[in-house]
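Since the structure comes first, as structure tokens, the remarks are kept for the end.
Where a number appears in this text, it was derived from the coordinates with a stated rule and is not lab data. On a predicted model such as this, the values are computed, not experimentally measured, just so you know. In this analysis, Cβ positions are derived from the backbone assuming ideal geometry, glycine residues included, and neighbour counts consider all displayed protein chains.
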Amino acid sequence: MILTVTLNAALDITYRVPRLHPHTTHRVTEVAERPGGKGLNVARVLAALGHRTVATGFAGGGTGEALRALLAQETAVTDALVPVGGATRRTVAVVDAGTGDTTQLNEPGPTVSPTEWAAFLGTYRELLGEARAVALCGSLPPGVPVDVYARLTRAAHAAGVPVLLDTSGEPLRRGLAARPDLAKPNADELAALTGSTEPLRAARDARRRGAHAVAASLGADGMLAVTADGAWQATPPRRFAGNPTGAGDSAVAGLLSGLVEELPWPDRLCRAVALSAATVRAPAAGEFDATTYQELLPHVVVTDRPAVA
Ligand SMILES: O=P(O)(O)OC[C@@]1(O)O[C@H](CO)[C@@H](O)[C@@H]1O
């Protein structure tokens, strides 16, 4: 199975409003609730691609119960979430129906106690015994050590399991030091990490900081990968309008499924880019439009890039 870790899971709420105007009251025309947090989105897409997928992390309170009920109803993902005393956070995406722009409001999440953290580590180590790959995804809830992704990467490697890391800020910086097999930052996260807004230079720099390979999601410009075997950029055939929430998570699912299926890098990138665009076309975070995915896959263009300066 493939294991995903979402330490700061979320009940994802998507509100659609006719027009978003700060300082005014809005009448919401559509509401959607989904089990979210990056790793749960990745898990849902992996399961839809036909991979046996187990999701762990923390869930608690009424929001945690709602999240788990939706996970069981709507997905084929196996729930291995560890109970936490505080309530799982909500994240709210407000979609402006006029412009299509999305505004995201993410709560901090529940504080995790040392006992809860120890329980999680026990579950994680047990699950690694069955995992073919693990994705470590998203922000950290309060109470979790900032070098957690480095620790979880070392534990996975000790069990012979490859790691994909998708996070930002200090947890990313610290996580890279443990040499994950692949890091998947977006353009902003990459720029914040390296100080460079030139993606190729920044991705090479991120790789030098420890990751064996770096695949950066670049929105409409697709995905750029710098690896030991070469560097490539995969670009979608056209721009897509829609809600981009979760598009990066679908890309992670594409990369991870490609890794366990041992696809060549260019094919992994095509899958990631097509899934990402198909997610922008779907109404709620963490879902993808299967028809768009199938249509786009053969039309993603891959070009070689220089792996070293
Ligand atoms: O606060 P984090 O953990 O960085 O991101 C959480 C989040 O915004 O990311 C997903 C989209 O990528 C949403 O499902 C989720 O709510």
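Residue by residue, the stretch 90-101 carries 3J(HN,Hα) couplings of 10, 10, 10, 10, 9, 9, 7, 5, x, 9, x, 5 Hz when phi is fed to the Karplus relation 6.51 cos²θ - 1.76 cosθ + 1.60 (θ = phi - 60°); x denotes Gly or Pro. Counting only DSSP H runs of at least 4 residues, each contributing -39500 (n - 2.57), and dividing by the residue count of the chain, the helix-based mean residue ellipticity at 222 nm comes to -11500 deg cm²/dmol.
With R₀ set to 45 Å, the beta-carbon distance separating A76 from T99 gives a calculated FRET efficiency near 0.80.
For A231, the residues whose modelled amide H falls within less than 5 Å of its own, excluding neighbours fewer than 5 places apart on the same chain, are R305, A307. A straight line joining the Cα centroids of the stretch 142-182 and the stretch 199-232 runs 17 Å. Maximal additional length on extending the Q294-R52 stretch stands at 85.0 nm, based on 0.36 nm per residue less the C-alpha distance. Projecting the alpha carbon convex hull of the stretch 1-125 along each direction and taking the average yields 8.5 nm². Simple spin-label estimate for R19 and M1 gives 4.9 nm between the two label positions (7 Å along the Cα-to-Cβ direction from each Cα). Across the stretch 141-158, coupling constants 3J(HN,Hα) worked out from phi with the 6.51/-1.76/1.60 Karplus curve, θ = phi - 60°, read x, x, x, 9, x, 5, 9, 4, 5, 5, 5, 5, 5, 4, 5, 5, 5, 4 Hz, and Gly and Pro carry x.
Placing +1 on the Cβ of every Lys and Arg and -1 on the Cβ of every Asp and Glu, with nothing else charged, gives the chain a dipole about its Cα centre of roughly 440 debye.
Taking every alpha-carbon pair under 8 Å whose residues sit at least 6 apart, the chain reaches a relative contact order of 16 percent. With Kirkwood's inverse mean 1/r over C-alpha pairs for Rh, give me the Rg to Rh ratio of the chain, two decimals please. Rounded to two decimals, Rg over Rh is 0.95. Placing a label point 7 Å from the Cα of H157 along the Cα-to-Cβ direction, the residues of the stretch 207-242 whose backbone N falls under 14 Å of that point are 208-213. The equivalent ellipsoid that matches the C-alpha gyration tensor of the stretch 166-246 spans semi-axes of 21, 14, 11 angstrom, in descending order.
Treating r as the C-beta distance of R209 and V301 and R0 as 25 Å, the FRET efficiency rounds to 0.30.
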